[in-house]
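Quick notes on the structure that follows.
Rule-based calculations on the coordinates, nothing more; no lab input. None of the values given here were measured: they were computed from a predicted structure. Neighbour counts run over all protein chains shown; Cβ positions are idealised from the backbone, glycine included.
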Amino acid sequence: MNRKSFIKLAGIAGAGIVSNSISLLGENKKKTSKSNHSVPIVISTWNMGLGANEGAWKVLSSGGDALTAVEQGVWIPEADPKEMTVGLGGFPDREGRVTLDACVMRGDGACGAVLALENIVHPVSVARAVMEKTPHVILTGEGALQFALQQGFKKENLLTPESEKAWKDWLKKSEYKPIINIENHDTIGMLAIDQAGKLAGACTTSGMAFKMRGRIGDSPIIGAGLFVDEEVGGATATGHGEEVIRIAGSHLVVELMRHGKSPEAACKEAVDRVYKRQKHRIKDIQVGFIAVSKEGEYGAYCVHKGFSYAVKTAQKTELIPGKYLID
């Protein structure tokens, strides 16, 4: 073999070694990435997400679908009068009326929502009925209540003695200063992936305490408070709904994931956008996002310290402090 042939052969062999090494590195990266994810999975906002996740997990662990899981998961805080920002016993508006908002969405784009619904404990289930039994996406107010009663939902008084007292105390000064923190968070948002790899989400709230009559936040608005796409993943929001609406927050997070960002990085960029638009008054604004990719990778981010989210898989149950922009 002459020198020229030897060099050529060595080059080919070297290229093969490099190619094989790159291939192996790629496979190892895939394996490592996969080991950090888990399906089925359910994640939800705030400390109350721990109990809600347990409800959802009963569905997921028995092979149930993601939509039923998120619905039954958020039933728990909706029916708990001690959770005064969701469902039964939620803080009323400034007229003393408890109005509820909720939405659901599947990864295939099917979705439903109810706005300003009164006297029904589980607005999330009415939202699901809107999705499955009407040609519409949103029903509101009296129309939403009429539909709920037609579907067999029971009419109940949602104003508990505790929430009524809080309202009467507020009336003494009637100062409207929306505060979002661990006691007054106003929303539970939940995302799940079932054993078949299908995604779904739900978001439900009684809205800001002592809000103006008719005020609607981001929670029941598809693309703002919740968005799910089976090709990418899902996201949901909590906090000052007006700021989430202004950036179409949950849709933004999913689109950022579509373009390659991790769930956490996508949530952070959405938070950064809120900050850039409202930095002159950011000290009074709290917004948080959680997200999950279709593979089961999850993450979150918020404006101010104090937001938490709950994660449940076959391997763990965890409450995680959300990373934040401002201490």
Need one number: % antiparallel among DSSP beta bridges in the chain, to the nearest 5. 90 percent
Around Ile193, with a cut-off of 12 angstrom between Cβ atoms, what is the net charge of the other residues, counting Lys and Arg +1 and Asp and Glu -1? -1
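Rank the residues His304, His259 as a footprinting-exposure proxy: fewest other Cβ atoms within 10 Å of their Cβ go first. Could the numbers behind the result be given before it?
On the way: His304 21, His259 8.
By the 10 Å Cβ count, ascending: His259, His304.
Starting from the Cα-Cα distance between Val137 and Arg281, subtract it from 0.36 nm times their residue separation and give me the gain in nm to one decimal.
Values: separation 144, 0.36 × 144 = 51.84 nm, distance 3.38 nm.
The span from Val137 to Arg281 would gain 48.5 nm if fully extended.
Report the extension gain between Lys173 and Ser262 in nm, rounded to one decimal, defined as 0.36 nm multiplied by the number of residues separating them, less their alpha carbon distance.
Details: separation 89, 0.36 × 89 = 32.04 nm, distance 4.51 nm.
So the chain would gain 27.5 nm between Lys173 and Ser262.
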Report the residue, chosen from Lys165, Lys154, Lys173, that carries the largest GNM mean-square fluctuation when the chain is represented by alpha-carbon nodes joined by springs under 10 Å. Lys173
Relative to the first principal axis of the alpha-carbon coordinates of the chain, what is the inclination of helix 161-171, with its axis defined by its Cα atoms, in degrees from 0 to 90 and to the nearest 10? 80 degrees
With label points set 7 Å from each Cα along the Cα-to-Cβ direction at Ser62 and Glu295, the distance between them in nm comes to 3.2 nm
Measure nothing but the geometry: give the 0 to 90° angle between the long axis through the Cα atoms of 49-60 and the longest principal axis through the Cα atoms of the chain, rounded to 10°. 70 degrees
To the nearest 10 degrees, how steeply does helix 263-278 sit against the main Cα axis of the chain, on a 0 to 90 scale? 50 degrees
Relative contact order, percent, of the chain when contacts are C-alpha pairs under 8 Å separated by at least 6 residues? 20 percent
Can you give me the distance in nm between label points at Leu149 and Glu95, each placed 7 Å from the Cα along the Cα-to-Cβ direction? 1.7 nm
Using only DSSP helix segments of four residues or longer, with each worth -39500 (n - 2.57), what per-residue ellipticity at 222 nm results for the chain after dividing by its residue count and rounding to 500? -12000 deg cm²/dmol
If each part is reduced to its alpha-carbon centroid, region 103-161 and region 222-290 end up apart, in Å, by 25 Å
Distance between modelled label sites at Asn157 and Thr317, nm, 7 Å Cα→Cβ extension: 3.5 nm
Net charge near Lys276: determine it from the other residues with C-beta under 13 Å of the C-beta of Lys276, scoring Lys and Arg +1 and Asp and Glu -1. +3
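With respect to the cross-link table entries Lys82/Lys316; Lys82/Lys154; Lys82/Lys165; Lys211/Lys305; Lys283/Lys305; Lys82/Lys155, which display a Cα-Cα separation exceeding 18 Å?
Values: Lys82/Lys316 26 Å; Lys82/Lys154 20 Å; Lys82/Lys165 13 Å; Lys211/Lys305 24 Å; Lys283/Lys305 11 Å; Lys82/Lys155 20 Å.
In this structure, Lys82/Lys316; Lys82/Lys154; Lys211/Lys305; Lys82/Lys155 exceed 18 Å between Cα atoms.
Take each of the peptides 53-60, 312-319, average the number of other beta-carbon atoms within 10 Å over its residues, and list them starting from the highest. Before the final figure, lay out each step's value.
Details: 53-60: 22.5, 312-319: 14.0.
The most tightly packed comes first, giving 53-60, 312-319.
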